[in-house]
1. Consider only pairs whose beta carbons are under 8 Å apart and that are at least six residues apart or on different chains; among these, list those whose first residue lies in the range 87-113 and is closer than 22 Å to Arg16 by Cα and whose second residue is surrounded by fewer than 21 Cβ atoms within 10 Å (Cβ to Cβ) and acidic (Asp, Glu).
2. If I filter the range 68-78 for residues that are under 18 Å from Asp15 (Cβ atoms), among the small types (Gly, Ala, Ser), surrounded by fewer than 18 Cβ atoms within 10 Å (Cβ to Cβ) and at pLDDT 95 or above, do I get at least one hit?
3. Please pick out the residue among Asp244, Asp223, Asp274 that is surrounded by fewer than 17 Cβ atoms within 10 Å (Cβ to Cβ), modelled with pLDDT of 95 or more and not assigned by TED's automatic domain parsing to the domain that holds Glu97.
4. Hey, among the residues in the range 1-23 that are part of a strand (DSSP E or B) and exposed (fewer than 13 other Cβ atoms within 10 Å of the Cβ), which one's farthest from the chain's Cα centre (by Cα)?
5. Can you name the number of the only condition in (1) under 25 Å from Lys175 (Cβ atoms); (2) under 19 Å from the mean Cα position of the chain (by Cα) that Thr289 fails?
6. With respect to the numbered conditions (1) more than 19 Å from the chain's Cα centre (by Cα); (2) surrounded by 20 or more Cβ atoms within 10 Å (Cβ to Cβ), which one is the sole condition not fulfilled by Ser105?
7. Looking for whichever is assigned to a loop (DSSP other than H, G, I, E, B) and hydrophobic (A, V, I, L, M, F, W, C) here; the options are Ala37, Ala26, Ala62. Which one fits?
8. Is it fair to say Leu191 is within 16 Å of the chain's Cα centre (by Cα) and at pLDDT below 95?
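The values are calculated or read from the model by the stated rules, or taken from the named source; none is laboratory data. On a predicted model such as this, the values are computed, not experimentally measured, just so you know. Cβ placement follows ideal geometry from the backbone for every residue including glycine, while neighbour counts extend to all protein chains displayed.
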Amino acid sequence: MTATSALALLRFDGDRTIGHDLVDPASPVLSALDLAATRGDGVFETISVGHGHPQAFEAHLARFVRSAAKLDLPEPDVDVWRAAVLAVAAVIGPVPEAFVKTVLSRGIEGGSSPTGWAYGAVAPDHTAARTRGVHAILLDRGFRSDAGAAAPWLLVGAKTLSYGINRAAAREAAKRGADDVVFVSTDGLLLEGPTANVVILRDGRLLTPPLDAGILPGTTQADLFDWAPSRGLEPLYQPLRPRDLLDADAAWLLSSVRHAAPINAVDHAPLTMDRELTDAMNDFLSARTA
């Protein structure tokens, strides 16, 4: 039996994760005092699921652990979380595209245990973004590309629940008649989108900003870079500036559920799209079984 959504609640013994229970996804399960709701004090991952197979699964779990460490949260037991994700994916069934979102919060304020859950659902239809592309605007992120090393409390490279800035950026894009955002550091380097990594094509090379530029390491981007040589493309991490994006042969925003969305314009300036390569990227990403 399949469903359009499913929810697993993690069980804890103090800080230790000990199991999970499948519950009705429509049931009220989160306390109004949980720090996930009141402070955004937690971490998450969104794992794409293709035909029942979680994609980039181990990379997502590893990043989940790294993000938790940056917030001084209890270390997630990846075996328990893996089982919860698989249980949720099994309820949804082998639909072409779904996702499971794992969340770990510090728990109820003043309590002694964290809170965790894995929620899954059939994915939205991203055909339009993959075929017609997205119009992106450049926005100042407000700090230097090396800010993470100098100020670790900024939690650069952690996938946290504190998404107020990312949501505000998306609203700003909509106000300017655009679909998405690419952040730029105060020292003039391209970073990432609010929910995606930036990749550009130039002279047969796929380029993305280096991980030390203050961006979240992308699981989808990493898989795509592993695939690139099979298409005769050289994958490289290197510093990029806005001019590199504007002069690119093609460019994409890569994310776990939307996959490869070609950028069709930057700040209202048209950008060339490579439809054949985009289709090949998305075919590869959709077909992953791990």
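1. What qualifies is Ser105/Asp34; Ser105/Asp41; Arg106/Asp41; Gly107/Asp34; Ile108/Asp34; Glu109/Asp34; Ser113/Asp13; Ser113/Asp15.
2. Within the range 68-78, one or more residues are under 18 Å from Asp15 (Cβ atoms), among the small types (Gly, Ala, Ser), surrounded by fewer than 18 Cβ atoms within 10 Å (Cβ to Cβ) and at pLDDT 95 or above.
3. Asp274
4. Kept after step one, since they are part of a strand (DSSP E or B), are these residues of the range 1-23: 5-13, 16-23.
Those left that are additionally exposed (fewer than 13 other Cβ atoms within 10 Å of the Cβ): 13, 18, 21.
Values: Asp13: 29, Ile18: 26, Asp21: 25 Å.
My answer is Asp13.
5. Result: Thr289 fails condition (1) only.
6. In the conditions (1) more than 19 Å from the chain's Cα centre (by Cα); (2) surrounded by 20 or more Cβ atoms within 10 Å (Cβ to Cβ), Ser105 misses (1) alone.
7. Among Ala37, Ala26, Ala62, only Ala26 is assigned to a loop (DSSP other than H, G, I, E, B) and hydrophobic (A, V, I, L, M, F, W, C).
8. Here the answer is no, as Leu191 does not meet what is asked.
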